[in-house]
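Please treat every number below as a calculation from the coordinates, not as lab data. Keep in mind the model is a prediction, meaning the values are calculated, not measured. When we count neighbours, we look across all protein chains shown, and the Cβ atoms used for this are built from the backbone with ideal geometry, even at glycine.
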Amino acid sequence: MTANSQTCLAASTGIHVAAFALLLFAPALVPRKSHDLVSPELTILSPDIKLTDGNTIGGGAPDVRPPPPANPAQNPSSTTQVTPPPERKPVQQPRQETPPPPQVPPPKAPPKVSSQKIQPEAATAPKNAQDVDPTLRAPKPRKPISVAQNAVKLSKSEAAAEEAATKAAQKAAAQAEAKAAKERADRIAAAKEQYGRALAERAEAIRGAAGSLKSTLQGSMKIGVPGNGGQAYAPYTSYLQAFYKLRWKKPATLNVDHGEVGAEIVIRRDGRVTSFRIVSPSGIRPLDDSVREVLDRHRQLEPLPEGSDDAERVITMRFDLSTAASL
């Protein structure tokens, strides 16, 4: 093989390898379409609205009214007043009078015995040494005498009477305590039953009022998106803005009213959020965490608009604290 043939073979091989690598890695080099969320505000989310890639909101029927809010501020009034359970007051147990113990005559005090030690009489010294009888011995000292006092013991009949009186008092106290506990339990059960009946009556009244309102509205007007006529439509970005605005709440620990967070969301064709990240943090950690939380909690959205050829779409949207709902 000549040198020119080798050169041509090497060049051809390099061209084929480069073409194969370009074909293999070309999809990764193509930038994903990114849409910044700058669209008209959508205030009504209706299941029959059509999502588009445009930038205008239109359509809707002139004879319909907006659907009621998901969390109405007030419930229909009811004439039934719910009485809370009465306040529990401590039950004072009746004071038991203990019968006086039987009168026991006091024992007679034993005769007092002096505990003074008896000292031996001192021998009288002789006046003169010549007068001492050498046969006499000195008297031995006497030991002191002590008398022990015995404790007074009750008789068997007196001890039995005292024990019977104690048992009778304990039995009466236990009976009174059991009676008071039963009365307290009966009062609590009656209060709970009354409270449950009041709740049931109120719920029935609310259901009746809601049913009457529903029948009135259905008979007079339809519920939907109002407009000048035709199918209601709105941009997909406006839908995202309204979707997260209804679900994002202002953190209760924040003491500021202004702040903005920018987030990038990757949405699959079927509406599944595959990933997200904070691209413009606010510098306020609770605010940034609240945005991460709402994005992580709600990962299923409406599918991308019909006719879109995007396998996935990257959308950047901003969360403004001044428009967030309070907890």
- Rank P281, Q300, M317 by how far each Cα sits towards the positive end of the charge dipole of the range 265-327 (+1 on Lys, Arg Cβ; -1 on Asp, Glu Cβ) and give me just the farthest. P281
- Item | Peptides ranked, highest mean first, by Cβ atoms within 10 Å: ranges 268-278, 5-15 | 268-278, 5-15
- Item | Interchain or long-range residues, amide H under 5 Å from Q231's placed H | G60
- Going by how many other Cβ atoms sit within 10 Å of their own, how do Y236, Y195, Y244 line up, fewest first? Y195, Y244, Y236
- Task: Note down, for the range 271-327, the three equivalent ellipsoid semi-axes (square root of 5 times each alpha carbon gyration tensor eigenvalue), biggest first, whole angstrom.
- Result: 25, 12, 11
- Query: Treating the beta-carbon of each Lys and Arg as +1 and of each Asp and Glu as -1, no other charges, what is the dipole magnitude of the range 232-293 about its Cα centre, to the nearest 20 debye?
  - Reply: 240 debye
- T56: net charge of surrounding residues, Cβ under 13 Å, Lys/Arg +1, Asp/Glu -1, itself excluded? -1
